[in-house]
Every structure is written in C-alpha cells, then in structure tokens.
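Peer 1: Quick one: the structure is below, and I'll ask about it shortly.
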Amino acid sequence: MPFLLDTASAIKRRFGFQDQSVSESVPCTPDLLKSVSRDHHLASTQSVFATSAVRRISDMDDDDHGGATGSEVAARRHAQSFEFSEDPSFWKDHNVQVIIRLRPLSGSEISVQGHSKCVRQESCQTITWTGHPESRFTFDLVADETVTQEKMFKVAGLPMVDNCMGGYNSCMFAYGQTGSGKTHTMLGDIEGGTRRHSVNCGMTPRVFEYLFSRIQKEKEARKEEKIKFTCKCSFLEIYNEQILDLLDPSSSNLQIREDVKKGIYVDNLKEIEVASARDVLQQLIQGSANRKVAATNMNCASSRSHSVFTCIIESKWESQGVTHHRFARLNLVDLAGSERQKSSGAEGERLKEATNINKSLSTLKVRLVIMNLVSISNGKSLHVPYRDSKLTFLLQDSLGGNSKTIIIANISPSLCCSLETLSTLKFAQRAKFIKNNAIINEDALGDVIVMRMQIQQLKKEVSRLRSLVNGGVENLDNDTSSLSFLGSPGQFKWEGLHGSSSPLMPEKRMSQKKDYEVALIGAFRREKDKDIALKALKAENQAAMQLAKQREDEIKSLKMILRFREAGVKRLEAVAAGKISAETHLLKEKEDHLKEIEVWRTQVDRNQEVTRFATENLRLKEEIRRHAFFSLCHSFYSQ
Ligand SMILES: Nc1ncnc2c1ncn2[C@@H]1O[C@H](COP(=O)(O)OP(=O)(O)OP(=O)(O)O)[C@@H](O)[C@H]1O
C-alpha cells in the first residue's frame, strides 16, 4: 500500500536508513522496516486496502506480488529497497530523464552464474558496476528489481501523461540488451488488460488507462468551454532500416517525409482514432502480434526491431471568444536489443539485421556525443546526423528537440551480462547530456472583434486599478497599440482597439493572463534561440573573416617576395652580362633579403608557426642562393 510504503520511507529517512550498508550496522530498526515491509506485502493482498483512498488512480490496480514468479519474489525479498519516487518538480527544470531499471535474475542466469551480480545499488540514484575497474554511475533514478510495474508507471508514466495533457510532446525510450526487460517495461502483460489480476501489465496500457481517465475528468470539469479531445494512434516497426506499419502489415518500406506544417512524419502510415484505453489495447495487441520476432541465443522471444507506438492528443476549447488548440505527440519506443553481435550469436541474415539495428543505435550514440559537445560549447550549433538512421530521423524531436523525454535503460544484474550492463550504463550516462527544448504546443485563434473588446476591457480595468492606487485618472480609450507573438505552432495575436468597458471577472482575467503568458514565454524562448544562433553565426563569420584577411596578407607578402626574387634574377643576369658589378648586386641582394625578413616577421606576428617555418625556410633559401651566387661569381671571374 502506498501509505505503508510512505510510512516505511518516512521511517527510513527519519533514521537515515537509505541503504543496506547503513541498515546492517544498526540491527533493530531494519527489522522494524522489514516488518513494515512485510506488513505491506500482507496488506497488499487484502482487498480492503486495495481500494484505499490514498490511491491516485482509482481504477488502476495497485500492484502486489501476486503475479510475480518464484524467482522474482525471492529476488525482491533479498534485494535492498531504495526509495523510488517521482520528484513532482523534476520536469519544470529538466526535459530529459534517465532511469535505470534492473530486472530480477533469470533462472538461466542463476544456473550459469548463481546469484553473483555485476552491479551494486548505492542509493535511489546511484549504482556501481563492480567489475574492473569499479565504476559508479549517477542517474535521475535507479529502479531495483523490487520496483513493480505499477510503481514504474507512477514514477515515469503518470507525469509523462500529465505533460502531454499540458501540451508537451513526450517520449519514452526503453533501451537495453536483449532480455533485459524493455518489452516487459513498455508493454508487459497486455493480454490481461490493466485490471487488478494483471500486475505485470506494462507502461503503455497503464499510460493510456490514465490518459483517458484524465481526459474524462477534464471534459467533466470544463463543460462550459466545450472542450473536445481527439486521440490518434499509429504503431510502426523499424526492421532492418525499413519501416513497416504494424497496424497494416500489408504495407512495406514506408518513407519518412518532412513538411513545414506536419513536421516529420511517415508517409501512408495508418492512424486510428481511439476513444478509450480498450481501443488502444486492441491496437497494441494487433500490432504486437505483427512484430518481427526472431530467436537468438540470448532470448528465445527476442525482438530484433525497434517499435514506435505514437499517439497524437489534440484538444480544442473555447474561452471568451478565443478558440484554443493544444496538441501533444506521445512516442513510446521499444528499441531493439543493444547487445553486440557476437554475444547474441547473430549470423547471416541475423548479422545483417544486427548491423542495421546497431547502425540506428550507434547514430543515437553519435547524437548524444554531439549534444554533449553542443552543451559544452554553450550554444554553438553543429551538424547532427539525424538522417543517418530511420530511428533518429523519425524521433528527431525526442532527441534534442521539442519534447520531454524519458530513457529507461534496462539492465540485467547477472555476472553473465556484465559487459553489456556496463555498456548500457555508459550509454545512459551519455544520454544525460541531451538538451531538449520542450515547449507547449498551443495555438489560440479568436474572433478579432471579441479579442479587441477583451483587450480594451483589460486596459480599462488596469486604468481603473491604477487610478484607485494613485488617486488619479487615466484614459486609454484612444490607445491603439498592437502586439503580436509568433506562437507555436500557429500564431497568437493581441491587438488593442476600442471596445466596451465592463470589468472582467477575476477568473477570466487569470485565464487571459495565462494565455498571454504562454504566448510570451514562447516568443521569448524563440527570441533567445535566435540570439544564440546569431551569436554562433557572428563568431563563425568573424573567424572566417580573420582567416580570409590572413590569407590576403600572405598573398600580398608572397607577391612582394616574388618581386624581390625577380629583381635578384635580373641583377644576376646583369652581373653575368658585365653590366653591374658583383659587389653592387650583393649589396642590393642584402637589402632585399632584409626587406623579405621584415615581411616574414609581420607574418610571424600573425601566425607564429607559419612564420617560424617561413623564416627558417628563407634562411635556408638565402644560404642556398648565396652559395649559388658565389659559385656563379667564381665561374664568372675564372673565365
Ligand atoms: N522487471 C522485471 N520483473 C520481472 N520479470 C522481468 C522484468 N524484466 C524482464 N523480465 C522478464 O525477463 C524476460 C525478458 O524480458 P523482455 O522480453 O522484456 O526483454 P527485452 O529487453 O524486451 O528483450 P528483446 O530485446 O529481445 O525484446 C521476460 O520473460 C520478462 O518477463
């Protein structure tokens, strides 16, 4: 039960018990905790508590361990629990969240390596890989094997739905080697639905159960605004760098297109309107059955493809003559196994698949590296190879774009998977460097006359309040100021003109204020982005200009030196023809050399390396020329 867990957590915090090492050193309190925890298990099997009012989502099952296998229960009993709870303020400041999920040891792992593990959890955010050298990693959250599907949903899925309802694009990726628990996390047991008997039901069905319960509540609470929701789903698979429509298996090799209005989309992908979690589940079951599944050594039901389940949630409502349109794209991505080809026994066709799957994942890695560089160089824009793979091209917004993204990196704790687990932890750590720029996708279009009237009303209200404060009177009747913000994705206009003067209700003013704030925040954010891009361009431009100037100077110097050399050759011919004496030539030659040195010196100041090389070059050449000149003189006088 949540309240018992909360009580246990509170006691833990109160006594400073956050991990095993601490609890082992003080014997009495951990026992108390264990008994609280046992109570929790007992209580969770009793239906009286199952319907407790503390549950936030009334129609969802509160997990107990009833559906878990024997080994899972054993693993959960032996594993140390760490507090695993969502920080409600997290998404305000962060747009990318990385969670590690450990699964229980499997029967085959236990038979090969016993209970030996390659990781040790240190806290709810820290995990240590115990190989050589030991490496410690910190993430937003680490979910140990005791964390249930329900808890995973509450921590990661529920806030993601809330974000979508608020107009943010959201994306959840499950990453990890084959058999690490990606499909268990994203889909789990979908055949059983989301009801109480199915504790293993995964993230996606729970997400949609909650989404539709929120939609229902919004509809009831905002009847006056005539709010309407439309949800459209699609389900695709990227297999061997080809896109297949899982809701229409007859289609093949669909193409990704880019459009100014639509953004990035898959051409001819079937979109199905859904009105309930049941509708979504139906599509999920149908699509999952169509997924390409092939056996490998590591997991006999191993998925060799990436799957992307997308839902576009649109809402429209009216408020004071203004029609609001909000939309959000929700992507739920189950990636193909991230393991290296060798360990999965991939051969022939499988090897070709693995190469393409790895190509998609490696581009993801390149992307992360580049984002890392981007964040280090503070706003400098670099080329990002999104188009190198179908996956990154399609999910461009989720990685470094307009989206709030959660990456769940699944790992096996077994020693058998030590290297793959390390690789996943490293990947997840790099993912923390991704910087997304999520904005509310909202559009407000209104009847211009009504909007003008409202602006005028607001102005009158401001004027009235001012006069109350100052004891003076202000007249804004003739004010025709106009403001406009480029909103995302449409345009939001605010024009001031004449209108009626009745004061607005406080809640209406608040709602208008919110609208203006949304438009303003969007406009400021875009302005800031443009500023950063402009600065980067200016810096690049300056560097290019400097380089061009340097090259120009170099050319000028070279021309001058060429002239000295040509004069030298002519003088030598004059010496040979007996027109001038060798001494005169030598004197002139010396003068020219000094001038040349001066020219090179100027270059030295601009480019030390080049000039040092050039001066040395000149010195050598001078030596060679002098040598040539004396041999010429020698042969001339000896004739
Ligand atoms: N947290 C967990 N608790 C209990 N069982 C789990 C957990 N995670 C995974 N499993 C079990 O481990 C097995 C492999 O998991 P799953 O199929 O989800 O792996 P996967 O990463 O999706 O593999 P693939 O890449 O081949 O699709 C399944 O039997 C699943 O039920």
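Here, each number is a calculation from the coordinates, and none is a lab measurement. Computed from a prediction, not measured in an experiment: that's the story for all the values here. Every residue, glycine among them, receives a Cβ derived from its backbone with ideal geometry; neighbour counts consider all protein chains shown.
Peer 1: Count the net charge of all other residues whose Cβ sits under 11 Å from the Cβ of Ser403, scoring Lys and Arg as +1 and Asp and Glu as -1.
Peer 2: +1
Peer 1: Now, a different point. Give me the number: length gained by fully extending His325 to Lys262, i.e. 0.36 nm times residue separation minus the C-alpha to C-alpha distance, one decimal in nm.
Peer 2: 21.2 nm
Peer 1: Continuing with the same structure: With 29 Å as the limit, write out which pairs from Lys228/Lys528; Lys316/Lys535; Lys151/Lys219 have Cα-Cα distances beyond it, or answer none.
Peer 2: Violating the 29 Å limit, Cα to Cα: Lys228/Lys528; Lys316/Lys535.
Peer 1: If the limit is 32 Å between Cα atoms, which of Lys217/Lys426; Lys232/Lys390; Lys261/Lys390 go over it?
Peer 2: Lys217/Lys426
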